Every structure is written in structure tokens, then in C-alpha cells.
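Asks: Below is one structure. I have some questions about it.
The values are calculated or read from the model by the stated rules, or taken from the named source; none is laboratory data. Note that the structure is predicted; figures quoted are calculated from it, not measured. Glycine gets a Cβ as well: all are built from the backbone with ideal geometry, and neighbour counts include every protein chain shown. Side chains are part of the model used for accessible areas, which takes the heavy atoms of the whole protein and leaves out ligands, DNA and RNA. Shrake-Rupley method; radii C 1.70, N 1.55, O 1.52, S 1.80 Å.
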Amino acid sequence: MTAPGLHHYLVISALLFCLGLFGVIVRRNILIIYMCLELMLNAANLALVSFSRFNNNLDGQVMVFFIITVAAAEVAVGLALIVALYRRRQTTDVHDLTTMKL
Amino acid sequence: MNALDYFFYLFAGLTLLCGLMVVVNPFSRNPVTSAMFLVLMMVSLSGLYVTLHAFFLAAVQILVYAGAVMVLFLFVIMLLDLKEEEHRKIKLATLFLGALSVGSIAFILVKLLGNARLVSDAPSAEGSTIELGLKLFRQYTLPFEIVSLLLLVAMMGAILLSKKEIK
Amino acid sequence: MNDALPWPILFLPLIAAVLITLFTQKRNGLSAALSVGAIAISFVISVILFVNAGEAAFESKINWLTVGALNIDFGMRIDSLSLLMLLIVTGVGSMIHIYSVGYMHGDPSFSRFFACLSFFTFSMLGVVLSNNFFEMFIFWELVGVSSYMLIGFWYQKSSAANAAKKAFLTNRLGDFGFLLGIIMLWSITGGLGFATLPKPGTTATVVGLLIFCGAVGKSAQFPLHVWLPDAMEGPTPVSALIHAATMVAAGVFMLCRVFDVFSLDALTVIAWTGGVTALMAALIAVQQNDIKRILAYSTLSQLGYMVMAVGLGGPPQAMFHLTTHAFFKALLFLAAGSVIHGLTNEQDIWKMGALKKKMPVTFWTFLAGTLALCGVWPLSGFYSKDSILAEAFKSGHLALFGLGVVVAILTTFYMFRLFFVVFLGKEKSQAAGHAHESPKVMTLPLVVLALMSCVGGLIGIEPFVGKQFGMTESHETLAIIAPFVHAPVAAFAGLAAVMVGFLAAMSLYAKAQTDPLPAKLQGLAILLRDKFYFDELYARIIALTQDALASVADFLDRWIIGGLMVRGTQGTTELVGRAVRFVQSGNLQFYAFSFAAGVAVVLYLVLYR
């Protein structure tokens, strides 16, 4: 174990991102897919904060601040969409949401 | 390697573990469990922020994500009154393909990071609230205001979408 | 001499044509007056120029356009060659204009006829006066256009419309060669003036032959002769003006004008082309029954003479024959027109006969024209034809000399066949019985032209043109008997030919009611009557080429454009669409996978390649 540097944080960020992506691909519940998307966003945030810290530049943190705000807005709208969708179709399984299919 | 550094490994481990639990939940197929693990992940992530001396963001992370966003998630889960998911097997092919693509991305990223010579100063930036605030209200005033508008629009959209009958 | 004088000659007819077209369509009298007035003034100016003509040629020109290094003038070249042609075109043209007033009387498109006629005169004068190839080619094409308008004047008749089309297209073929020749000449010498000469050699021969192509088309030489007989569908004055006296002479005139361009090889080809045309046309004329067609083939034959003369190195002789031919052939055509007019548009000679009493002026003038054409001493045709035969004899082309004599026999034969059948013997139809003499306005030009035909050989045309081509010999003997002194072989051969032809025609046709020749010659007569089947041959060749081209085009259209490009594009799009359709599964997870895989591939390519 060495003292944590920029590398360490970035590796954590990358792994977290991949976890989220894996969830998006594998899971079928649309709510959980949504959570996985949040996971990926947070991974990006982590990378930004660590760059900000180690490059001595506060702009990264400002960016994270904005991302958090936008993510909140996105969640609000996205969940509203999911609710509307559920009212129509009575399901949250993406395998049942295939109207676009031939 | 001082005492504070151990916190990094602690929170990093926790973050990854909880993230994994969100994706592959061995305890229950109820989405509420996943949501709770997500909250845990957020909290440990804010711990990581603290080790990066981004105190303000750590607080915001807990307030906005763990507080507001996750409450919203739980509301919705309960509003929809989701029963336990039916036991539909995840197809092996999906699993394999997902693992393949994500694995290759992870491999590329990690290998890249291993080879990269990152130019980093000594960790010096103190993410103090005062400095962040000054930057936000001086340099980033316009984006700040636009984001507030975005929140307004999102709110209106959410209200409109949640109405029972969309006309 | 006034430099500005040639310009009104050229532009007066154009002004007349424009005025008639724009303003006097409804007023026939004024139209005719404008047209006749324009050409008459042009004639007068030409005469003034001729009288004042100095020894040297002169040019009056303005810079027309400059393209890169190429300067093109719009100029007037006045030398003895163009002066002679000016006199022919405006002089004979005036006669024909006047005659047309009578002939076209009552035609619903009277004004249009005179507009076309004036426009033709303008184009023809342009060819005569132009001082460079470029200008000449433009007027050359204008002549083609106006000829098209005049042949197809009665466009309601499909035969006239077709004849106009045929004449135009056939001429185009020759003009294409002409244009190529001009372009080649330009690329070799860098200039377009008549004085520019390519260096002797194969290239020069090719240039010469290409330019000769233009003359072949316009002067209806073999193998592009097919349009001229059909062109007789136009009104008779047109046949006289264009297809006997002036336009077809343009080819010969052009050959003389650019004579220096031709190499010796090219000249040989030209001479033989002329000779073959003369013989072939004379043979065909023997078995034609349409009065205008006989004259048309006779024209072909005489043009062959002229071209042959040029090929033998004798432009003065060619121009001499051209001039005399313009007189007597215009006369013959106008007299034929008078006959047709008198018999209410009957053209078949076997439905005429015994017109001597009923149409005395026409009869006598026609006789004068016939004698002149056949070359009876001392009428004009004798001298011009003799000078050509003498040239052939002198230059050692004995084959061509013999050919010329044979053609002379045939000429006399078919002309007297025509003469006997039309004017002597018994009436062969009712119309012939009711025939009447034409009005004064028509007979007057006949008389003038007849006079010219008689004395045209004695007024020294040959030496006048000859001095431009370095002909210095001066006849000290009396002009009227000069040929017998200088070239007795040619002169006596010519006269003997006339005798043979005349006796043959008299024995066969003096009393004939029908043509006795087909019975005697059988297959040959049919071959002659059908003009050696050139039209059919060309039709077959054109049809074959067209079929081949069409099938190639059909193949391209059906398989390459329709099949490969249109249906191929459509088919490929549809196939790709069908294939891509399977990707659109509606499965969100599959989309996410594709996205992730795509990101992986892009990352790999960007970072490790």
C-alpha cells in the first residue's frame, strides 16, 4: 500500500464507471438501470475532483457542482418519465418495452 | 503514508463494494435494496471527496444525492408499488456480451492509466467553500444562472409528466 | 477607290430581309419592291466596283473579335475573283428576283419568300466577300440555313420538308469536314486568313481534303450529291438561284478562293471527285422524266466539271465555266419554270410536247440555253467547257480528258432529249394543249439571260480572273475562234461530242411518244432511273448505323442506367435496409451493449493505433 496519488483515484473512478456501464447493459429493471447511470455520473465526478485536487485548479470542482445540479434535474425528469411509462404499461422491465421493435 | 491515507483505501473499497451491490444484488431482487446500496455508495464517495479536501462538494454530495435524489428514487419505487421482480433469468449471452464489452473498456482504461505519466503537483488545492463560492459567483455567474433555469424547467417538466392524464 | 463601297452590297439585302420580316408581311408589293431594290442597288454598286477595279486586290476590314492570340477580322476582300462572283450573284440574282415577282404571284407566303430570298443573297454575298476562313464559315452556314428555308418553302408538302431536311443534313456532313479543316489549319499555322498556308506534306493534304469536304457538301459532289435533285422541291426561282447559279457555285468559288491551300495530292483527289460526279450525274440525267430533275442532274454534272477544273490546277477555267453556267443554267431553270407555270404545275416531260407555238419566247430562250450548255460554237458554254478540256489535255490527265468528252456527249444527249420531248413532237397531255405564254415579268429575265448565255464566252472572263492566278498568256487571235487556234484537239473533240449527242438524241426522241430507251437498255436504264440506288444505299447505311447505335444505347439504358444504377441503387439500399433492420431489435440492453462495444472499439483505435 502506497500513499494514494492521482493514479489511485482515477483507477477507482474507472472501475466505478465500468461497474455502472455493466449494470446498464445487464440489468433489466429500468429503475436500476437509472441508478447505474447515477453510478457512472459519480465516477466522472470523482475523476474531476481528483484532477482538481492534484492539478491545483478549482475549476474541476465547479464543474462537479454543476454536474450534481444537472443530475438532480435529470433524475427529476427521468423519474417522472418512468412513472408516466409505468402508468401506461404496468411494467419496469425493458424487455417489455419494445414498441419500436419490428 | 499517514493515518489519513488509510481512509482512502477504506472509502475506495466501500465505494466499489456498494457500487457492485447496486448492480448485482445477491440479497434481494427488490429495487429498494439496490437504492439503499446506492445511498451507501454516495456516502462513501463523499468520504473520498473529503480525502481530496473537497469539503463543500462532500457536503453537497450527501445533501443532494443521498438526500434529495435518493429520496426521489425511493418515492418512485414505492409509488409504483413494485413487487419483487419476477424471476426471469438474465440470459447468459447478455451477461457474456456485457462482461466482454465492459471488461475491454476497463482493461483499456486501467492499462492506459498504468502507462500514463500524469503531471501532478503536490496535492495542494484546498477546496474551501469561500474560494469555490468566489469562483462560482464571479467567473461562473452566467452558467450558474442558466443552471437555475434548468432546474426550473426540470421541475415544470416533472410536474407535467406526473399528471395523471396528459392531454 | 472608296473602301466603304463593299459594305452596302453585303448589308442591303439583310436590311431588306429584316424590314420585310418585321414590317411588310401583309404588303406583298412593298416586300417585292424592297427585296428587288436591295439586290438591284447591290448590283449597281458591284458594277461600279468592277468598272473602277484596279490591278491590286484590296481589303476593307474591322477587328471583329480577339481570342487569346487569335485575331479575327470581319472584312471585305475585293479582287477579281470576288468581283466576278459579286456580279454573278447580284446580276443573276436580280434577274431571278424580278422573275419571282411573276412566278410567286398569288402565293399566300409571298412576302416570306422575298425575305428568305434577300436573306439568302446576304449570306451568299458574305461568302463571296469574306476575307478569312472564320467569317467565310459563318456565312457558309448561313447559306445552308437560308437554303433550308427556301427548299422547304412549301413546308406543307412533306416532300419539300423532307428535301429541306435532307439538304441541310447532307450539307452538315460536308461542313463538319470543312470546320475540322479550318481548325486544323489554324492549329498548324496559327492564322485564319486565306493567305496562311500549311507546309507541304501529308498534313497539308489532309487539311486540303477536309476543306474540300465543305465544297463537296455545298457543291453536291459525289458522294454527297444526293441532296441537290431533291432540293428541286422548292419554288423554281429558288432552284434557279440557289441550286443552279449561285449557292452550289459557292463550293467551287471556295475552292478557287483557298486554292493555295491544296497540295498536289489533294488536287488529284479533287479532280477525280469532280470527274466522277460529272459522269455519274450525266448518266443519271439520261433517264429522268421530271424536267427540273433533269436540270438538277445537269447542274451536278457541270459542277463536276468545275471541280475537276480546279483539281487540274485551273481555277480561272473553273470560274469561267461557273460564270457561263450561272447564266445558262439560271436561264434553263427559269424557262423550265415558265413551262411549269404555263402548264399549271406539270413537271413530267412526257406530259408536255409541242410547246414551240404556244410559248415562243420560252422556246427560243430555252433553245439558247440548251445550245450554250451543250457547248455549241460560238455560245458561251463552248468556250468555258473547251477551256476545261484544254486544261485537262494540257496537264496530261488524258483519262480525265476522255471522261470530259464522254460527259459532253451525254450532256448534249439528255438536253436534246428534254428539248425534243418538251417543245417538239405532239402534245402528250391535255394540259400541254392549254399551255400559254408566261407574263412579261417572267419572260424579260429569260431574254436577258439568254443574251448573256450567248455572248458570255467572249467577254474575257477567263483572263480577268486568270490574272489573279498568274495566268499571263494573252490571246492575240480573235476571241471568237481562239480555242481552235490554241487547243484544237479539245475544241474539235468538244464539237464532235455535241454532234454525236445531238444525232443520238434526234434519232431516238424527235418523234417519240414514250421513252424508247428503257426497252433497249433494260437493266441499265432502271439503274440510271433509280440514280444508282444512292439514296437507298445511304438509307440502308444510316439505318444500320442508327440501329447499331440504338441497340448500344438501349443496352446502356436498360442494363447500365436502368439496371445497375437505378435498380442497383434501389436494390442495394433495400438490401442494406433489410440487413440493418435486424439491429433495430427494440431491446434496450442490446443497444447499450452496442454502444459500449462501440466505445471500446473507438478507444482502442484512438489509443493504440
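Asks: So which helices (runs of 4 or more DSSP H) stay within segment C:192-280 end to end and still have 2 or more residues that are open to solvent by 10 Å² or more (accessible area, probe 1.4 Å)? Spell out how you get there, then give the answer.
Replies: Details: elements: C:202-218, C:227-230, C:236-240, C:247-257.
In segment C:192-280, the matching helices (runs of 4 or more DSSP H) lie at C:202-218.
Asks: Regarding B:Leu17, is this residue open to solvent by 60 Å² or more (accessible area, probe 1.4 Å) and within 7 Å of another protein chain (Cβ to nearest Cβ)? Step through it out loud before you land on a result.
Replies: Details: open to solvent by 60 Å² or more (accessible area, probe 1.4 Å): yes; within 7 Å of another protein chain (Cβ to nearest Cβ): no.
So B:Leu17 does not fit the description; no.
Asks: Of everything in segment A:79-102 that's open to solvent by 90 Å² or more (accessible area, probe 1.4 Å) and at pLDDT below 80, which residue is nearest to the other protein chains (Cβ to nearest Cβ)?
Replies: Only one residue fits best here, namely A:Lys101.
Asks: Can you confirm whether segment C:384-406 contains a residue that is modelled with pLDDT of 85 or more, of a type in the set (Ser, Thr, Tyr) and more than 16 Å from C:Ala491 (Cβ to Cβ)?
Replies: No, every residue in segment C:384-406 fails to be modelled with pLDDT of 85 or more, of a type in the set (Ser, Thr, Tyr) and more than 16 Å from C:Ala491 (Cβ to Cβ).
Asks: Which of the following residues is open to solvent by 60 Å² or more (accessible area, probe 1.4 Å), away from every other protein chain (no Cβ under 14 Å), more than 43 Å from the chain's Cα centre (by Cα) and of a type in the set (Lys, Arg): C:Arg567, C:Arg581? Reasoning before the result, please.
Replies: On the way: C:Arg581 fails: away from every other protein chain (no Cβ under 14 Å).
That would be C:Arg567, the only listed residue that is open to solvent by 60 Å² or more (accessible area, probe 1.4 Å), away from every other protein chain (no Cβ under 14 Å), more than 43 Å from the chain's Cα centre (by Cα) and of a type in the set (Lys, Arg).
Asks: Something else: For segment C:527-538, enumerate the residues that are on the phi < 0 side of the Ramachandran plot and surrounded by 12 or more Cβ atoms within 10 Å (Cβ to Cβ).
Replies: First pass over segment C:527-538, keeping only residues on the phi < 0 side of the Ramachandran plot: C:527-530, C:534-538.
If the condition is that a residue be on the phi < 0 side of the Ramachandran plot and surrounded by 12 or more Cβ atoms within 10 Å (Cβ to Cβ), then C:Leu527, C:Leu528, C:Arg529, C:Asp530, C:Phe534, C:Asp535, C:Leu537, C:Tyr538 are the ones that fit.
Asks: Which of the numbered conditions does B:Tyr9 fail, given that it passes all the others? Conditions: (1) open to solvent by 60 Å² or more (accessible area, probe 1.4 Å); (2) closer than 21 Å to A:Thr2 by Cα.
Replies: With respect to (1) open to solvent by 60 Å² or more (accessible area, probe 1.4 Å); (2) closer than 21 Å to A:Thr2 by Cα, B:Tyr9 is out only on (1).
Asks: Oh, and also: How many residues does segment C:360-415 hold that are outside any helix (DSSP H, G or I) and among the aliphatic types (A, V, I, L, M)? Break it down stepwise before answering.
Replies: First pass over segment C:360-415, keeping only residues outside any helix (DSSP H, G or I): C:375-379, C:396-397.
From the residues that got through so far, the ones that are among the aliphatic types (A, V, I, L, M) too are C:376, C:379.
Residues flagged as outside any helix (DSSP H, G or I) and among the aliphatic types (A, V, I, L, M) within segment C:360-415 amount to 2.
Asks: Would you check which residues across segment C:162-172 are surrounded by 17 or more Cβ atoms within 10 Å (Cβ to Cβ) and either in contact with a Lys or Arg (Cβ under 8 Å, 6 or more places away or on another chain) or of a type outside the set (Ser, Thr, Tyr) (or both) and list them? Steps first, answer last, please.
Replies: So the first thing to find is which residues in segment C:162-172 are surrounded by 17 or more Cβ atoms within 10 Å (Cβ to Cβ), and the list is C:163-164, C:166-168, C:170-171.
Result: C:Ala163, C:Ala164, C:Lys166, C:Ala167, C:Phe168, C:Asn171.
Asks: State yes or no: is C:Leu179 at pLDDT 85 or above and under 29 Å from C:Asn63 (Cβ atoms)? Working first, answer last.
Replies: On the way: at pLDDT 85 or above: yes; under 29 Å from C:Asn63 (Cβ atoms): yes.
When the stated conditions are applied, C:Leu179 passes them.
Asks: Sticking with this structure for a sec: Search segment C:439-490 for residues being farther than 23 Å from C:Phe393 by Cα and not in a helix (DSSP H, G or I), and hand back the single one that is modelled with the highest pLDDT.
Replies: Looking at residues that are farther than 23 Å from C:Phe393 by Cα and not in a helix (DSSP H, G or I), I get C:Pro439.
Asks: For the structure I just gave you, tell me whether A:Val49 is more than 13 Å from the chain's Cα centre (by Cα) and buried (at least 18 other Cβ atoms within 10 Å of the Cβ). Steps first, please.
Replies: Values: more than 13 Å from the chain's Cα centre (by Cα): yes; buried (at least 18 other Cβ atoms within 10 Å of the Cβ): yes.
Yes: the conditions hold for A:Val49.
Asks: Also: If a residue has to be among the polar types (S, T, N, Q), open to solvent by less than 70 Å² (accessible area, probe 1.4 Å) and part of a helix (DSSP H, G or I) to count, how many in segment C:22-69 make the cut?
Replies: In the first step, residues of segment C:22-69 are kept if they are among the polar types (S, T, N, Q); the result is C:24-25, C:28, C:31, C:35, C:42, C:46, C:52, C:60, C:63, C:66.
Next, only the ones that are open to solvent by less than 70 Å² (accessible area, probe 1.4 Å) stay: C:24, C:28, C:31, C:35, C:42, C:46, C:60.
Cutting the leftovers down to part of a helix (DSSP H, G or I) gives us C:28, C:31, C:35, C:42, C:46.
Total satisfying the criteria: 5.
Asks: Output the number of residues of segment C:1-20 satisfying the condition of being at pLDDT below 85 and open to solvent by 40 Å² or more (accessible area, probe 1.4 Å).
Replies: Selection size over segment C:1-20: 7.
Asks: Taking segment B:38-52 only, how many residues are open to solvent by 40 Å² or more (accessible area, probe 1.4 Å) and facing chain A (nearest Cβ under 10 Å)? Walk me through it before giving the result.
Replies: Restricting attention to segment B:38-52, the residues satisfying the condition of being open to solvent by 40 Å² or more (accessible area, probe 1.4 Å) are B:40, B:43, B:50.
This time we only want the ones that are facing chain A (nearest Cβ under 10 Å), so: none.
Final tally of qualifying residues: 0.
Asks: Within segment C:362-411, restricting attention to residues that are farther than 21 Å from C:Met280 by Cα and without any contact (Cβ under 8 Å) to a residue 40 or more places away in the chain, which residue is surrounded by the most Cβ atoms within 10 Å (Cβ to Cβ)?
Replies: Looking at residues that are farther than 21 Å from C:Met280 by Cα and without any contact (Cβ under 8 Å) to a residue 40 or more places away in the chain, I get C:Leu371.
Asks: Right, another one. So which residues in segment C:585-609 are open to solvent by less than 80 Å² (accessible area, probe 1.4 Å) and outside any helix (DSSP H, G or I), if there are any at all?
Replies: Of everything in segment C:585-609, those that are open to solvent by less than 80 Å² (accessible area, probe 1.4 Å) and outside any helix (DSSP H, G or I) turn out to be C:Ser585, C:Gly586, C:Asn587.
Asks: Continuing with this model, one more query. Would you say C:Tyr99 is open to solvent by 10 Å² or more (accessible area, probe 1.4 Å) and either of a type in the set (Phe, Trp, Tyr) or more than 18 Å from C:Gly251 (Cβ to Cβ) (or both)? Before the answer, list the steps.
Replies: Working: open to solvent by 10 Å² or more (accessible area, probe 1.4 Å): no; either of a type in the set (Phe, Trp, Tyr) or more than 18 Å from C:Gly251 (Cβ to Cβ) (or both): yes.
It is false that C:Tyr99 is open to solvent by 10 Å² or more (accessible area, probe 1.4 Å) and either of a type in the set (Phe, Trp, Tyr) or more than 18 Å from C:Gly251 (Cβ to Cβ) (or both).
Asks: So if I check each of A:Phe22, A:Phe65, which one is open to solvent by 10 Å² or more (accessible area, probe 1.4 Å), among the hydrophobic types (A, V, I, L, M, F, W, C), in a helix (DSSP H, G or I) and within 14 Å of chain C (Cβ to nearest Cβ)? Working first, answer last.
Replies: Values: A:Phe65 fails: within 14 Å of chain C (Cβ to nearest Cβ).
On inspection, the qualifying residue turns out to be A:Phe22.
Asks: Moving to a separate point now. For residues in segment A:26-46 being within 7 Å of another protein chain (Cβ to nearest Cβ) and of a type in the set (A, V, I, L, M), which is nearest to the chain's Cα centre (by Cα)?
Replies: Selected residue: A:Leu39.
Asks: Right, next: Looking at (1) closer than 23 Å to C:Leu444 by Cβ; (2) assigned to a loop (DSSP other than H, G, I, E, B); (3) modelled with pLDDT of 80 or more, find the lone condition where C:Pro108 falls short.
Replies: Single failed check for C:Pro108: (1).
Asks: Does segment C:589-599 contain any residue that is within 34 Å of the chain's Cα centre (by Cα) and without any contact (Cβ under 8 Å) to a residue 40 or more places away in the chain?
Replies: The first filter runs over segment C:589-599 and keeps only residues within 34 Å of the chain's Cα centre (by Cα), leaving none.
Checked segment C:589-599: no residue is within 34 Å of the chain's Cα centre (by Cα) and without any contact (Cβ under 8 Å) to a residue 40 or more places away in the chain.
Asks: Taking the stated definitions as given, is C:Phe555 in contact with a helix residue (DSSP H, G or I) (Cβ under 7 Å, 6 or more places away or on another chain) and modelled with pLDDT of 80 or more?
Replies: Details: in contact with a helix residue (DSSP H, G or I) (Cβ under 7 Å, 6 or more places away or on another chain): no; modelled with pLDDT of 80 or more: yes.
Considered against the rule, which asks whether it is in contact with a helix residue (DSSP H, G or I) (Cβ under 7 Å, 6 or more places away or on another chain) and modelled with pLDDT of 80 or more, C:Phe555 comes out as no.
Asks: Answer yes if at least one residue in segment C:147-154 is outside any loop (DSSP other than H, G, I, E, B), open to solvent by 10 Å² or more (accessible area, probe 1.4 Å) and not hydroxyl-bearing (Ser, Thr, Tyr), and no otherwise. Working first, answer last.
Replies: Step one: list which residues in segment C:147-154 are outside any loop (DSSP other than H, G, I, E, B), which gives C:147-151.
In the following step, the residues that additionally are open to solvent by 10 Å² or more (accessible area, probe 1.4 Å) were identified as C:148-149.
Okay, now just the ones that are also not hydroxyl-bearing (Ser, Thr, Tyr), so C:149.
Looking for residues that are outside any loop (DSSP other than H, G, I, E, B), open to solvent by 10 Å² or more (accessible area, probe 1.4 Å) and not hydroxyl-bearing (Ser, Thr, Tyr), one finds at least one in segment C:147-154, hence yes.
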